[in-house]
Ligand SMILES: [Zn+2]
């Protein structure tokens, strides 16, 4: 119990400068335009009614005129409007750093997926999905973000619209739809109220709107920022090794893939802009309403919301992890594009090499994916199969054992029966337990799916051979899964990032055998399909 408290105390200590906001410390960050606080801190200036990022190039306001907020939503809730100069909508979104509350991090990711958009959406439903009461959810949001869930959702809509106005040539009516305003009138009213001018006045002068409906062909280009450091080579290598033919492609520093969303098909292209600490995303999609969801997916895949400095500071308290974090300070935990797709990849990847898994996923795509038809890009020809397509497919010709084919079918049926199967709910234990009810999904696979698909920052497949080897170091003794599990207790709530570092250390110590995880497994007959990656937890 006291150990638990000690852990909580240490966790709080990391976030102490921000939680609660200390005005003096905040003002120092502002005076120095300290980039480390970008996305964590917003300042409202009472004399102008405007709120800024700490890096705003405008002259620093007087201390007595500054009010500090932990989120853009809190600043807007207090009546401030976004600065047109530093553009708070382009600040890195740091959902995952709010370490004292996984519920808030999960809630933010559901809101980003549109959980509070549309007529039927309510805080009650959101709270129920998160496994907490409505009042508790409001309290947690106020504690960590200084704003209610509704304000957070509204602020997201406004800031997303503002970014589209500023950065794209999309017509205003399409932007209103894309940002979830429901009607152009409401969009105009909101902007007039907040910015005291019509939305079109916010567009850069050189930007002329395109005719409506051409978004699908020309693409919407957006810049998505992150808080440095960012280990782009590691992310690129991860995506390259797993790129499924027809669906994805990595050319040089550009990642491209097909997108299937609510029956429509498009593509995305993502490039790295290190000098601007951001990614450039080009989205070509016939339906603008899907834009927020697609942007949220890109953020997840590239793990843009992680504050790896804060996470690293916490993990580096363990002597085992400290040197690994010093070596790769910008390492991220790549996410899955889609929950079902990731779960399928986890199953076809069991007991084979990374390359073998990639090939099998390609076979499955050719077997039951959706062809794109005529497109400009000859490399992107197929959309990854949906749960309905896999459930209905005859998998006889797929080159893997019958038991795993049955698991694929069971997974597809479970995903059809429960559309929110891969969304974060309750605790990581809850998520893992729910996934394990699917026939053929064991502890390892459930944790792996939780880590990559559900984006559970505390998921940790302790029985993974790569983790055990990484924890043993180059020559040290390998811990047992139970011992690793115990040690990882102090890494909470960021065990997924610790796992990423251990995997990287393991891969670096055996460059000649990237797929060593799997070949090792083959030599161990006591492993099972159920246990996935060797050695089940006791
Ligand atoms: Zn500003």
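The values are calculated or read from the model by the stated rules, or taken from the named source; none is laboratory data. Every value quoted in this text rests on a predicted model; they were computed, and no experiment measured them. Ideal geometry is used to build each Cβ from the backbone, glycine not excepted, and the neighbour counts take in all protein chains shown.
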Reported set for region 353-380 where residues are modelled with pLDDT of 85 or more and not in a helix (DSSP H, G or I) is 353, 369, 370, 371, 372, 378, 379, 380
Note on region 69-81: residues within 30 Å of residue 496 (Cα to Cα) and more than 15 Å from the ligand (Cβ to nearest atom) are 70, 71, 73, 74
How many residues of region 381-393 are touching a helix residue (DSSP H, G or I) at 6+ places or on another chain (Cβ under 8 Å) and in a loop (DSSP other than H, G, I, E, B)? The answer is 4
Scanning region 40-51 for residues that are within 10 Å of the ligand (Cβ to nearest atom) and within 16 Å of residue 25 (Cα to Cα), the one nearest to the chain's Cα centre (by Cα) turns out to be 42
Checking 401, 457, 385 in turn, the sole residue that is buried (at least 24 other Cβ atoms within 10 Å of the Cβ) and farther than 18 Å from residue 129 by Cα turns out to be 385
Expected single match for surrounded by fewer than 17 Cβ atoms within 10 Å (Cβ to Cβ), at pLDDT below 90 and in contact with a helix residue (DSSP H, G or I) (Cβ under 6 Å, 6 or more places away or on another chain) among 210, 202 is 202
Checked against (1) within 15 Å of the chain's Cα centre (by Cα); (2) surrounded by fewer than 23 Cβ atoms within 10 Å (Cβ to Cβ); (3) under 18 Å from residue 238 (Cα atoms), residue 307 satisfies every condition except (3)
Exactly one of 524, 474, 533, 513 is more than 23 Å from the chain's Cα centre (by Cα), farther than 20 Å from residue 430 by Cα, surrounded by 23 or more Cβ atoms within 10 Å (Cβ to Cβ) and at pLDDT below 90, and that one is 533
(1) within 22 Å of the chain's Cα centre (by Cα); (2) within 16 Å of the ligand (Cβ to nearest atom) all hold for residue 130 apart from (2)
Handout entry: Test: residue in region 112-123 that is under 23 Å from the mean Cα position of the chain (by Cα), more than 14 Å from the ligand (Cβ to nearest atom), closer than 20 Å to residue 38 by Cα and assigned to a helix (DSSP H, G or I)
Key = yes
| said: residue 66 - would you say it is within 11 Å of the ligand (Cβ to nearest atom), at pLDDT 85 or above and in contact with a strand residue (DSSP E or B) (Cβ under 8 Å, 6 or more places away or on another chain)? | reply: no
By residue number, the members of region 132-157 that are touching a strand residue (DSSP E or B) at 6+ places or on another chain (Cβ under 9 Å) and in a loop (DSSP other than H, G, I, E, B) are 146, 147
Of the candidates 460, 422, the one satisfying the condition of being closer than 24 Å to residue 247 by Cβ and modelled with pLDDT of 85 or more is 422
With criteria (1) within 10 Å of the ligand (Cβ to nearest atom); (2) touching a strand residue (DSSP E or B) at 6+ places or on another chain (Cβ under 9 Å), residue 57 comes up short on (2)
The correct count of residues that are in contact with a strand residue (DSSP E or B) (Cβ under 7 Å, 6 or more places away or on another chain) and under 17 Å from residue 179 (Cα atoms) in region 283-309 is 12
Of the residues in region 87-103 that are assigned to a loop (DSSP other than H, G, I, E, B) and within 16 Å of the ligand (Cβ to nearest atom), the one that is modelled with the highest pLDDT is 87
The lone condition residue 414 fails out of (1) part of a loop (DSSP other than H, G, I, E, B); (2) within 25 Å of the chain's Cα centre (by Cα); (3) crowded, with 19+ Cβ neighbours inside 10 Å is (1)
With criteria (1) touching a helix residue (DSSP H, G or I) at 6+ places or on another chain (Cβ under 8 Å); (2) at pLDDT 90 or above; (3) within 15 Å of the ligand (Cβ to nearest atom), residue 84 comes up short on (2)
